[in-house]
Structure formats: structure tokens, C-alpha cells
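Data first, discussion second: the structure below is written as C-alpha cells.
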Amino acid sequence: MIGKIKKFNYKSLFFLILIALGLNAYLYKNIYFIVIFVVSFLISILSTKYGLEIIKKFELLQNIREEGPLTHLRKKNTPTMGGVFLILPFLFSLIIANYSLNSSSIPLTFLFVSCFFIIGFLDDYLSIKNKQNRGLRSNEKLLLQGITTIFFIFLASQNDFLNSTITISNNWSVDTGIMIFPIVFFTLIGLSNAVNLTDGLDGLASGCSAIVFYGLGTEILLNGEKELIIYSVLSYMMSGLCMGFLKYNKYPAKIFMGDTGSLTIGATLGSISILTNSFITLFIISGIFIAEAYSVILQVTFFKITKKLFKNGKKIFLMSPLHHHYELKGIKEEKIVENFWKVNILLVILGIVLKINL
């Protein structure tokens, strides 16, 4: 049915998620799922609308990398660092949730997400200050992410938040033993950078994030653990915040989220999946993010190997990440984003179906 929709746009995505949440609210007899999504959506719209004026005032404008598609040059000087206006409300909600529930895991989530927020903010700020599309160096960014992630793993392990038995479905699980530590490490680092790589077309990362957060929230509900339902609510909140930001981030974008938003969104997805033991479903529903990241890894690896063997590096894709490949094939930016959204929706459906039936 999704494939037959001629134009699947921002409004279509909003109402689809709203309808899906309505079904969840009916099945679980909890209208709060819809309320939190809509309220978060409105908060994000307002914070982005007025925040956009602040960004323009301080001239926090995007620099475009020279290696990218030539069509992206027109995006230069678009206001950036918009991730501030969807991440800060989420961090504030974590403070409220902790105050209300006195949960021991929410402060850890707050601390971890805040650290990635600071890393992304610093990267964006230095990029603007240096007037080039690079803030922190890759090794500096990875070092900061690595230290933060190791700290998260240590605290999570000390407080028994890490479950080495990964749940695949209601009837199937795998005990990973000590391997849970590298799995968690690469999940957090990999997903944060995967979302960051996906944020290359107007509305692509924000739209896919809204879809994935809905899927993650529903996965947590299906697990049936009452003490973890707060993370389902927080996921729906992030879905609403991403949708509100998408109003100004859709093509043609009036604002970009920057690393401030994309790195933090990936870190949020990863940390919630770890604390709720939702690894496998997250890997399925985050298929777009993972495909984007692997397209870069494959491109770089293949180029280096062929250069060493044949003295002339060859490429698999016209350009990576994957969305740039389709751009250079002549497909319109809006169409690429639309199709990636559709694929992501199908992946969420697949993840939920597998969860229920396996």
C-alpha cells in the first residue's frame, strides 16, 4: 500500500505515526501516548520557529563540504545547529521523569545524552568558527565518543542495567556473556555516527528518526515490562520532537540539525535500546541508518584495496553515503527522502511483526 502512494510527504508521515499511536493507545488503553507525541510535536515546532531567529541573529550558518554534490552549494549559509531545539526539550523531560519516578537509569541516560549533545555542539561550533565543513577532527570526535561510551558502560554495568541475555523475541534469546560490552560499545558509537551520516538531505535524518523512535517505543511496549514503559513514552516524545523539527527541516530546509542533533539522536536511540534490551529490533528498524553507514565503510574500504592492488582506486557507489549515490544518478532530493522514509516504515513493520511472531 505504501508503495502505491504517489506523494508521501511530511503531513502523510505525521498522520501515519499519529494513527499508529492511536492504535497503541487503544490496545494499551493509554491515551497518554498520543498526548505526549502531539505536545512534543508542538513544543518542537515553537522552539524551532523562534530558535531559528536566534540562529540567524548569531549567524550560525552551514558550511558545505567541497567533496559533496554540486547541487548542495545552494544550501550554504542555511542556519544550522537546530538540534538544540529538539534535544534540550528532551533533556528537560528526562529531568522531570527522574523527579517524578526517581528512576536510577534515567540519570544515566541524561548524562550520556548530554555528553553526546556537547560533543555535537562543539563540533558544529568549531565548524562555523573555522568557516569550513569540519569542526572536530575525526579522531578527536571518536576519542570523545569512546570515552563517554566506556563511562556509560561502566556505570550501566555497576548498576546492573546491562543484560547479557539479548532478547530477540518473546520466545528466543541469546546469552552473549562478556561480549555484551563490545556489542554495547559498537552499538552506541556506530548508531550515533550512522544517524550523523544520514543527515545529508533535507528531512532525511529527522524523518527517519521520527519513524525509528516510534518503532522503538512500540518495541518496548511489546516487551511488557512495566518499569520500562517510561522509555516507551520518552521514545514517543522524541518521535514528536523530530516531527516538529521536520516542519522546518523538510525540503527546502530552513534549518539543519547539525551534529548537535544527529549525533545525539543516535546516542539516544542506542542508550534506550541498551537499557531496555531492545537491540535486535533496533538494528532492524534502523536499517536506513545502518545502510548509510555501511555504504561509507564499503566505499572507503573498496577504494583503498583497489588502489593498493591496481594503483588506481575504484568506487562501488558514485558517492557515499548512499543518498548521494542516488542524487548523482539524477533522482530528485525530495524523492530520495520520500523513498527512504517508506523503506524505514516497512522496516518498522517488519521489526514489530518479527517481534510478535518469532
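Within segment 220-227, the presence of at least one residue that is without any contact (Cβ under 8 Å) to a residue 60 or more places away in the chain, over 12 Å from the mean Cα position of the chain (by Cα), buried (at least 24 other Cβ atoms within 10 Å of the Cβ) and within 24 Å of residue 343 (Cβ to Cβ) is confirmed. I'd like to know if segment 101-118 contains one or more residues that are surrounded by 15 or more Cβ atoms within 10 Å (Cβ to Cβ), small (Gly, Ala, Ser) and either out of contact with any Leu (no Cβ under 9 Å at 6 or more places or on another chain) or in a helix (DSSP H, G or I) (or both). Checking segment 101-118: at least one residue is surrounded by 15 or more Cβ atoms within 10 Å (Cβ to Cβ), small (Gly, Ala, Ser) and either out of contact with any Leu (no Cβ under 9 Å at 6 or more places or on another chain) or in a helix (DSSP H, G or I) (or both).
Filtered by the rule that a residue be in contact with a Leu (Cβ under 6 Å, 6 or more places away or on another chain) and either among the small types (Gly, Ala, Ser) or assigned to a helix (DSSP H, G or I) (or both), segment 151-167 gives 155, 156.
All of 308, 335 fail the test of being part of a helix (DSSP H, G or I), at pLDDT below 95 and either under 25 Å from residue 9 (Cα atoms) or not polar (S, T, N, Q) (or both), apart from 308. The conditions of being of a type outside the set (Phe, Trp, Tyr), in contact with a Phe, Trp or Tyr (Cβ under 7 Å, 6 or more places away or on another chain), in contact (Cβ under 8 Å) with a residue 40 or more places away in the chain and buried (at least 21 other Cβ atoms within 10 Å of the Cβ) are not met by residue 281. Among the residues of segment 312-334, those identified as over 19 Å from residue 75 (Cβ atoms), touching a Phe, Trp or Tyr at 6+ places or on another chain (Cβ under 7 Å) and surrounded by 13 or more Cβ atoms within 10 Å (Cβ to Cβ) are 313, 315, 316.
Of all the listed residues (283, 340, 317, 256), the sole one being within 25 Å of residue 8 (Cβ to Cβ) and under 13 Å from the mean Cα position of the chain (by Cα) is 283. For segment 120-150, the candidate set comprises residues that are of a type outside the set (S, T, N, Q), without any contact (Cβ under 8 Å) to a residue 12 or more places away in the chain and part of a helix (DSSP H, G or I); within that set, the residue that is surrounded by the fewest Cβ atoms within 10 Å (Cβ to Cβ) is 129.
Of all residues in segment 218-226, at least one satisfies being touching a Gly at 6+ places or on another chain (Cβ under 8 Å), outside any loop (DSSP other than H, G, I, E, B) and among the acidic types (Asp, Glu).
Exactly one residue out of 231, 251 is under 27 Å from residue 102 (Cβ atoms) and in contact (Cβ under 8 Å) with a residue 24 or more places away in the chain: that is 231.
Of everything listed in (1) in a helix (DSSP H, G or I); (2) more than 23 Å from residue 89 (Cβ to Cβ); (3) not β-branched (Val, Ile, Thr), the single unmet condition for residue 239 is (2). Collect the residues in segment 193-240 that are within 28 Å of residue 296 (Cα to Cα) and aliphatic (A, V, I, L, M), keeping them in residue-number order. Selection gives 194, 195, 197, 201, 204, 205, 210, 211, 212, 216, 238.
The values are calculated or read from the model by the stated rules, or taken from the named source; none is laboratory data. Owing to the predicted nature of the structure, the values given are computational and were not obtained by experimental measurement. Because the Cβ atoms are built from the backbone with ideal geometry, glycine has one as well, and the counts that use them run over all protein chains shown.
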